[in-house]
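Remarks on the structure that follows.
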Number of protein chains: 4
Amino acid sequence: MFIGVNMGPKRIVIDTDPGVDDAHAILFLLDADKLNMVKIEAIIVTKGNTTVENGCRNVIRLLKMKNRMDIPIYKGASYALLSNEVAASTYFGDDGMADAEYDEEPDLSIVNKKPGSLALLELVEQNPHELSLLCLAPLTNIALAAGLNGDFFENVKEVFIMGGNWRGQGNETECAEFNFHYDPEAAYMVLQKLRCPTTILPNETCMAARIDTSWRFETLINDSIDLTFMTMLERKFFKLRDIEAWTPYDLFSVLLILYPEVVVRSAEYNVTVELHGRFTRGQMILDHLRNRTSNVNIVQRIDKERVMQILLNWYHIYPNE
Amino acid sequence: MFIGVNMGPKRIVIDTDPGVDDAHAILFLLDADKLNMVKIEAIIVTKGNTTVENGCRNVIRLLKMKNRMDIPIYKGASYALLSNEVAASTYFGDDGMADAEYDEEPDLSIVNKKPGSLALLELVEQNPHELSLLCLAPLTNIALAAGLNGDFFENVKEVFIMGGNWRGQGNETECAEFNFHYDPEAAYMVLQKLRCPTTILPNETCMAARIDTSWRFETLINDSIDLTFMTMLERKFFKLRDIEAWTPYDLFSVLLILYPEVVVRSAEYNVTVELHGRFTRGQMILDHLRNRTSNVNIVQRIDKERVMQILLNWYHIYPNE
Amino acid sequence: MFIGVNMGPKRIVIDTDPGVDDAHAILFLLDADKLNMVKIEAIIVTKGNTTVENGCRNVIRLLKMKNRMDIPIYKGASYALLSNEVAASTYFGDDGMADAEYDEEPDLSIVNKKPGSLALLELVEQNPHELSLLCLAPLTNIALAAGLNGDFFENVKEVFIMGGNWRGQGNETECAEFNFHYDPEAAYMVLQKLRCPTTILPNETCMAARIDTSWRFETLINDSIDLTFMTMLERKFFKLRDIEAWTPYDLFSVLLILYPEVVVRSAEYNVTVELHGRFTRGQMILDHLRNRTSNVNIVQRIDKERVMQILLNWYHIYPNE
Amino acid sequence: MFIGVNMGPKRIVIDTDPGVDDAHAILFLLDADKLNMVKIEAIIVTKGNTTVENGCRNVIRLLKMKNRMDIPIYKGASYALLSNEVAASTYFGDDGMADAEYDEEPDLSIVNKKPGSLALLELVEQNPHELSLLCLAPLTNIALAAGLNGDFFENVKEVFIMGGNWRGQGNETECAEFNFHYDPEAAYMVLQKLRCPTTILPNETCMAARIDTSWRFETLINDSIDLTFMTMLERKFFKLRDIEAWTPYDLFSVLLILYPEVVVRSAEYNVTVELHGRFTRGQMILDHLRNRTSNVNIVQRIDKERVMQILLNWYHIYPNE
Ligand SMILES: [Ca+2]
Ligand SMILES: [Ca+2]
Ligand SMILES: [Ca+2]
Ligand SMILES: [Ca+2]
C-alpha cells in the first residue's frame, strides 16, 4: 500500500449516515483527533440509516457534545442515485440514533450550504494525495464527486469502506449488505473508478467478530461522557430490535485505521457490484477467477479479542484489577 | 403546459455531444438566436457521439464559424455514469463530425473550467424557472446536476429531450435508442426526478419522418455558410455509413421548439427506463396501464412535409420558382 | 409459407387455458370441424387464465355441449416452468369462465392420463408434418414437448400463437402480454426452437381491433346454443370487470386460420422474449436491426369490419334485413 | 433425514455428463454395486461437459469395460432448457473424456429410445419412494421430469446434487459453478420443486478438499483396470489444462453417499438460483436471513484426509507398508 511522504496524522474526511454505530465510530475518531492520532477535516452526511436531515442533526449533537463545532459539516445526497422512492431505513429508530430524548434541537443552519459531494470534490482537489476517505454509509456522495470529475480518485490518498460482502452473505437482503444495497449504482461507480489504495471491511468479517452483548453492557462500561452516551443509545437500540450480539460495524472500521494490527487476514481482489440480480442486487462481486487487476484490499478476518482489548484500554477499563 | 410570465425569447441551455445532427441543430439555433427567437445561454458538452474533448472542439468550431464565442462552453461528463469502460461512439466518424479537414485546431483552453453538470446546476439556481433545457445527448450531465441537488428540476422552466423510444423500437440496439442506451442510469434518474414540463422526441417519431436523401442533397441546398458546411459534413457522413435517408434527430427537436405546430400527435405518459433487461436495457418504458401520473409529453408524430417546408423557408430556398 | 401436399382440412391440436375467449374460440372451431373446414385432433389444457383442473372442466363442458366427447382431452402443466408460486389468473372469474352456474359437475376422470406435453410430443411424432398447433395459452406445454425432444418442431406443420406484443405495449404488465408474461421462459424456449411456419397474433393487433360492446350484445345475438352460451358468459364477465370493449383475443386467432384474408398487414421478424427486465420481463422482442433470420410472421393489423361481417355470417345474423 | 423402511442397498439413478470426474464416479459406483453397497438402476445422460452423444458413448465405454451392459442407458436433453445456442463444454477435451484413443467405437444403438427425462419420470413413478437420484451434471433432465409431472419429487426417495456454490465463489464464472451455470433455469426449477431429502455438494466444499497432484499420480496408483484407466484419462486431462490439484467433484459426491462420515460440516438452508444477474447468473442463493423453510442440506466441509484414506483402501493401496 502506498504511503505518502506526509507522515503527520491521517487527515480524514468522514462520510456518514448516523446511525448508532456511526455515532460510536465518530466519537471514537474525535478522541483520536484530540490525541493527535488523526485529523478530522470534514464530516459529510448522506441518506441511509436515516434521512440526511436527521443525519445532520445527529452529527451536530455529537460535535456539540465534544465541543468540536469547528469541524465543517456538509449535507450530501437526499436520495440514492436511482431511488427517489426508497425511504431511509428506520433500523436504528426514527431519528437514526435510537430515538433518545434530548433537551435541545440541533440548529441545522450551521450545516454548510455547499452540496456534500461538491464539497468533497473541492476538498480533495485542494489537498491532492493528502486526504483519507472513511466511508461509513451508502456511497452516493462519493459516486457523485467521482461523476463530477472523472479524476477524483487520482487525488485521494486512500479510501476505507465499511460495506459490501465477500462470501455472498448479506444483512439487508440474503445476498447484500446494507450500505451497498441502499445505493448499488453508487457502490458500482465508486469501485469502478477507484484509483488509490482502498480497504474494504465487508459484512461477513464484521459478523464473525460480533461481541457478546453482556460484555458490552457489563464490562465495556464506565462513566465517561462518550461511553455513557453510547451505552444509553445502544441499550435503547437493543430494546428496539431483537439483537443477539454487539456488532459495531462502523466502529470496527475506525479500529482498522487506528490499529491496523487487528487485521488477521486480508486479500486483494478486483471487486464490483451486481446491479441486475433478482436476489443478488447489491452483492459485492469478487473476481474469483482472477481475470482482472485488483482494485481493493478486503479485510477477511479481524482479531475480536484484540478489538475488545483495544476498546477496554481506550476507555481505561481494567476489568481484572 | 405551464407558461411563465416572462414572454421574451426562450432562454436555452443546450446539452450536446456533437455529432453531425447536433451540429445542424446548433447552427440552426444560433441563427434563431440572431433572429431573437431564442437566447442561447450556454452549451454543455458530454460524451456520446464522440469523446467530450472532441465534442468541445466541435462546439468551438461551430461558435467560431458563427462569431459567437461569447456563448460559454462547459465540458461535462467524460463517461457515462456507470460505464468507464464504454468508448464513445464513432458512428459519426472519429471526430464526431464526419472527419472533415480543417485549417486550424480549436483552442480547448477557452472551455470553461467548471464541470458542466455543476455549471448547469448553478445556471438553473441563479435563474429559477427561467431556463429551457435542450438535451441532444446522453443525459449524464443532467443526471449529475439533479443528483447534486434533489430540487434541481423545481427550478427548470421546461425540458426538451431528443431520446428514448415509445414503441420498443431502437436504433442503437433492437430495443433502445442511442442517447438512452449510452447512459441508461442517467436517463432513468432524469425521468424519475423531473418536476417541470418535459417534451420527449423519441426514436420512432424521427424514423417515421425520415427525409429522402436526394431532397436533402439536391433541393435543400444553397451557398449559405451554414448549409454549405452542413452539406459537406452530411455528405461525408453518408459516405461513411450506408445511410438510406436523412434523419436529423437533433434538428427535428430544435424545430419542435421553434415551430410547435410541426407536432401532429402527442400524448402524456409516465415513462421510465429499463435498466435490467438482456435485450431491453435502455428501452423507454411507457406506463401503458396508466397506473402512474404522467411525467412527460411524448411527440408521436411530426409533420414531415411541414418540416421540409420550414427548412426551405429558413434557408430561403424556393425550388418551384 | 410452406403448404403440405395434404390438402384436406387442417388437422389442429389446440393448447388452451379457458378462459372466456378460449371458450368462444373453441366453440367456433368445433363448428368449423363440423363443416369440415378443420379437424380438431386433441385439446390440451394448461394453467393460465385458471387452474389446469378448472381448464379441464371448462373444456369438458364445451365438448359435452357440442356432443364432441370423442375429442381427446389432455391435462398439461399445472405450473409455469419456473413459477410454482404464481397462482392462476382470476381475471375471467374463479373458474376461468365467468363463474356461471351449471347443473352438473364435469367428470374429470375422462381426461386422458398421459401428461399433456408428452401427448403433444407423441401426436406430432406420429403425424409428422401433418398437425397445425393452435396456442391460445401460456406456452408451457409446448416448451416441455420441445424440451423433451429437441427436434419437436421439425415435425410440426405450422404454429399459430395468440400472444406477445410487437410495440412494447402489454395488457398484463406495462410491457408484456398475458400469455407470454405468465410463462416467459416457455415463450422464450418455443420461439428459440421453432423450425416451422409460425404466425403470431400479438396484443396490440387485437387491441386495435376491439369491438364496440353494444354491437356485441345488441347485434351479434341470436338464440343458437353457442351464441346464447357465449353471450351469457361474456355478459357475466363484463359485469365482473369494467371492460370498455369486446376484444376476443383467442377468437381473433381462430379467424386468422379460417379466413386468412382478415390479415391486412403482417411482417416477418426474428423474435424472442425478454426474461430479465424489471419492467420488460415477458415482452416480445423484435429484431428491429435485422441481424437475425426471421422465425415468425407477425400479424400487425386485422380488418375489424371484416371480422364483424364474418361473425354475423357465421351466426346467420342479418341485421339490415 | 427421512430413512425409508427398505433397508437394502440404495437404488440409484445416475444423471451424468461424462466428463472425466463423472467417469471416475461411475466406475466407483459400479464397484460399489458389485459389492452390493448400492444398486444402479439406470444411467441418464445430458449435455454439459460434452455433447449428449459423446456422453452416451462415454457411458457405454465404462459399462462395457465393467461388463455391465445390463444397466439401461438413456439419452436425455441435447440442450440446456433455454440455450439452444450454448455449445457443450470442451473443458475435458472434445470427447469429454480427455480425448483418449480407443480400439472400437461404442454402438449408440444400444441407448434406449425413450427420452431420458421421460424415462426418469417413469422409473420414479413405478418405484415410488424407492429411488435415490445422483445428479452429476446440469439439471436439465431432472427439471424436465419435474415439469412433466408437478408431483415428480413426491415420489423420489432422496436427491444428491453435485453443483452450486454456497459462498458466492464460482468455477465457471466468478460467481457460478459449472453445472448450475450451464442450465440455471433447470437448477432453479429443481430447487423450487424439491419435496424430498436433498443433499448438495457445492463448489467451495470441493475446492477446499482439492488433493495434491503428486499424491494422485504417485500414491493413488496401481494396476487395477479402473485405476489404470482413470490414471490414463486424468493424466491426459492434466496435460490438456494447466491444473494445479486433483479435485474430482463427482467422485467426492459418490463418497458422500457411500461414506457419509466424510462430511465434517453441513447446514440446512433454503436455496434457489439467481437467473437475472450480470455477474451472478447461475449463483446458488442461500436464504441467509432465514425467511424461508429449508429445502436442502449443504455439505460445507468434507474431511480430505478421510477421503484419501477411503480411496487408498478402496483400491487396496497400502503406501506405508
Ligand atoms: Ca453507517
Ligand atoms: Ca446528439
Ligand atoms: Ca387463452
Ligand atoms: Ca459431471
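The values are calculated or read from the model by the stated rules, or taken from the named source; none is laboratory data. Worth saying up front: this structure is predicted, and the values here are computed from it rather than measured. Because the Cβ atoms are built from the backbone with ideal geometry, glycine has one as well, and the counts that use them run over all protein chains shown. Each accessible area value is taken on the protein alone, full model and side chains, heavy atoms only, with ligands, DNA and RNA left out. Shrake-Rupley method; radii C 1.70, N 1.55, O 1.52, S 1.80 Å.
Structural remarks
- Fraction of beta bridges assigned by DSSP in region C:162-321 that are antiparallel (%, nearest 5): 80
- Sparsely packed loop sites in region B:216-266 (the GluC sites (Glu not before Pro) outside DSSP H, G, I, E and B with at most 15 other Cβ atoms within 10 Å) comprise B:244.
- Under 5 Å from the amide H of residue A:11 lie the amide H atoms of A:39, A:132, each residue being 5 or more positions distant or on a separate chain, with H modelled from the backbone and absent for Pro and chain starts.
- Along region B:276-287 the Karplus relation, 6.51 cos²θ - 1.76 cosθ + 1.60 evaluated at θ = phi - 60°, assigns HN-Hα couplings of 10, x, 6, 9, 9, 3, x, 5, 6, 10, 9, 7 Hz to successive residues, with x for each Gly and Pro.
- Other copies of residue A:65: label-to-label distances in nm, shortest first, labels 7 Å along the beta-carbon direction: 6.4, 7.0, 7.4
- Taking 26 Å as the limit for the C-alpha separation, the pairs A:47/A:114; C:75/C:157; C:113/D:113; A:39/B:75; B:113/B:239 exceed it in the case of A:39/B:75; B:113/B:239.
- Neighbouring partner chain Cβ atoms per residue of A:280-293, average, 10 Å criterion: 5
- The residues of region B:80-107 occluded by other protein chains by 30 Å² or more of accessible area, set against the chain on its own, are B:81, B:82, B:84, B:85; surface from heavy atoms, 1.4 Å probe.
- With at most 11 neighbouring Cβ atoms within 10 Å, loop trypsin sites (Lys or Arg not before Pro) (DSSP) excluded, longest segment of chain D: D:114-240
- Zone residues, region C:16-32, relative to residue C:87, backbone N less than 20 Å from point 7 Å out along Cα-to-Cβ: C:17-20
- About its Cα centre, the dipole of the protein assembly as shown is roughly 0 debye, where the only charges are +1 on Lys and Arg Cβ and -1 on Asp and Glu Cβ.
- Chain A's nearest residue to the axis relating it to B, judged by Cβ and reported with the distance in whole Å, is A:276, 2.
- Rounded to the nearest 500, the helix-only mean residue ellipticity at 222 nm of chain A stands at -10000 deg cm²/dmol, with each DSSP H run of n ≥ 4 adding -39,500 (n - 2.57).
- Summarising the amide proton neighbourhood of residue A:302: residues at separation of 5 or more, or on other chains, whose placed amide H is nearer than 5 Å comprise A:264.
- The GluC sites (Glu not before Pro) of region C:33-141 that meet both conditions, a loop assignment by DSSP and at most 10 other Cβ atoms within 10 Å of the site Cβ, are C:85, C:101, C:104.
- Amide H contacts under 5 Å for residue D:268, placed H, 5+ residues apart: D:298
- Other protein chain Cβ atoms within 10 Å, averaged over every residue that makes up B:144-151: 6
- The Cα atoms of the protein assembly as shown give a gyration tensor whose axes a ≥ b ≥ c have a/c of 1.5 or more with a/b no greater than b/c, which makes the shape oblate.
- For region C:8-16, the Karplus equation 6.51 cos²θ - 1.76 cosθ + 1.60, evaluated at θ = phi - 60°, returns couplings of x, x, 4, 9, 10, 9, 9, 10, 8 Hz by residue, with Gly and Pro reported as x.
- Taking the accessible area of region A:11-318, probe 1.4 Å, and keeping the other protein chains in place, the carbon and sulfur fraction comes to 46%.
- Using the Karplus relation 6.51 cos²θ - 1.76 cosθ + 1.60 with θ = phi - 60°, the per-residue 3J(HN,Hα) values for region B:205-216 come to 4, 5, 4, 5, 9, 5, 10, 4, 4, 5, 4, 4 Hz, with x marking Gly and Pro.
- Estimated buried accessible area (total), pair A and B, 1.4 Å, Å² to nearest 100: 1900
- Teacher prompt: residue A:129 distances to equivalent labels in other copies, 7 Å Cα→Cβ, nm: 5.1, 7.5, 7.7
- Solvent-accessible area per residue, Å², over chain D with all protein chains present [probe radius 1.4 Å]: 38
- Debye, to nearest 20: dipole size of region B:11-318, +1 on Lys, Arg Cβ, -1 on Asp, Glu Cβ: 580
- Relative to the other identical copies, residue A:35 shows label-point distances of 6.2, 7.4, 9.4 nm, where the label point lies 7 Å from Cα along the Cβ direction and values run shortest first.
- The mean number of Cβ atoms from other chains found within 10 Å of a Cβ in peptide C:165-177 is 5, as a whole number.
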